[in-house]
1. Looking only at region 105-125, which residues are within 12 Å of the ligand (Cβ to nearest atom) and either over 20 Å from E172 (Cα atoms) or of a type in the set (D, E) (or both)?
2. Take the conditions under 15 Å from the mean Cα position of the chain (by Cα), crowded, with 17+ Cβ neighbours inside 10 Å, within 15 Å of the ligand (Cβ to nearest atom) and in contact (Cβ under 8 Å) with a residue 12 or more places away in the chain and apply them to L56. Does it pass?
3. One residue is enough: does region 43-52 have a residue meeting the conditions in contact (Cβ under 8 Å) with a residue 12 or more places away in the chain, farther than 30 Å from M1 by Cα and assigned to a helix (DSSP H, G or I)?
4. Could you check how many residues of region 202-229 are more than 17 Å from T49 (Cβ to Cβ) and at pLDDT below 90?
5. So which of S204, S216, S225 is out of contact with any Ser or Thr (no Cβ under 9 Å at 6 or more places or on another chain), of a type in the set (S, T, Y) and in contact (Cβ under 8 Å) with a residue 40 or more places away in the chain?
6. Can E63 be described as part of a helix (DSSP H, G or I), surrounded by fewer than 12 Cβ atoms within 10 Å (Cβ to Cβ) and either within 16 Å of the ligand (Cβ to nearest atom) or on the phi > 0 side of the Ramachandran plot (or both)?
7. Restricting the search to region 1-36, which residues are surrounded by 12 or more Cβ atoms within 10 Å (Cβ to Cβ), more than 19 Å from the chain's Cα centre (by Cα) and outside any helix (DSSP H, G or I)?
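The values are calculated or read from the model by the stated rules, or taken from the named source; none is laboratory data. Bear in mind that the values here come from a model prediction, so they are computed numbers and not experimental data. So basically every Cβ, Gly included, is an ideal-geometry build from the backbone, and we count neighbours across all protein chains shown.
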Amino acid sequence: MVLTELVRSTQMRLDAEIDTILADCRQQGVALYCRRGCANCCRLAVHATWPEAQVLAATLNGEQMARLDAHVARLRQEGEDDVNLLAYLRRHRDTLSGCPFLDAGGACDVYSVRPLSCRALHSTRPGDWCGLDLATLPAIDKELYLQSLDPQWVDVLTHFLSRPRLAAQQQEETLLSAMRDQYGFSIDGNLTVLVWLEREKGLSKYLAQGWTAVESVLTPLRLSSWLVRVVEA
Ligand code: SF4
């Protein structure tokens, strides 16, 4: 199966798994707060695999491209100070104004092709909590927050359901593994940067020529490992 077709099948498989998980939550009385237009989670850094970014890139119109260009320019310009993962994540939440694929009403403009990691985020707390930096909370509030989390349902230190995220990671690995089988290496990283690499640099044209050709595109861009990660087979 070609990688772009595999993207659709992994997304459908994940959506079906999440439907089952959410039904389970409803049955068990686990409150979920995600709704159209909330978008606080879209202010976080979004991870994607290369095949997902390639599929999304093919759908963008001129206006979406302009927003993407501006976002990536800012991300690259300010990203030189990202000395660690925490700084990179914090900058997304605090200074970049959200995903460039958000529309004016706070809904996802690329909903049908949004990546697995977006599909997997389901909040057990009201949306205000999704854009919050825990480090900014007073110690007592942080303690109360952590005590309120039910480890049966959520990931450590977050209020997002764990099962959808685990299922998404498995589907991401399916895509990355298929990419390594095909090209000898896989690429994943920041969603917006990967989409930009496809639209602005035409990176998929270089994939079949091998790693040296891809490297000739990536190296001059000096992208941090938070933005693009390459794993050899
Ligand atoms: S791709 Fe869509 S769902 Fe994902 S962060 Fe961007 S706007 Fe939100």
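1. Result: G105, G106, A107, C108, D109.
2. yes
3. Among the residues of region 43-52, at least one is in contact (Cβ under 8 Å) with a residue 12 or more places away in the chain, farther than 30 Å from M1 by Cα and assigned to a helix (DSSP H, G or I), which makes the answer yes.
4. 3
5. Step by step, each of S204, S216, S225 is checked, and only S204 is out of contact with any Ser or Thr (no Cβ under 9 Å at 6 or more places or on another chain), of a type in the set (S, T, Y) and in contact (Cβ under 8 Å) with a residue 40 or more places away in the chain.
6. So E63 fits the description; yes.
7. Listed by number, the residues that qualify are V30, L32, Y33.
Listed here are the residues, each with its yes/no results for (1) under 27 Å from L96 (Cβ atoms); (2) surrounded by 11 or more Cβ atoms within 10 Å (Cβ to Cβ); (3) among the acidic types (D, E); (4) under 16 Å from the mean Cα position of the chain (by Cα).
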site: P126; (1), (2), (3), (4): yes, yes, no, no
site: G131; (1), (2), (3), (4): yes, yes, no, yes
site: P138; (1), (2), (3), (4): yes, no, no, no
site: Y145; (1), (2), (3), (4): yes, yes, no, no
site: H159; (1), (2), (3), (4): yes, yes, no, no
site: S162; (1), (2), (3), (4): yes, yes, no, yes
site: A167; (1), (2), (3), (4): no, yes, no, yes
site: Q170; (1), (2), (3), (4): no, yes, no, yes
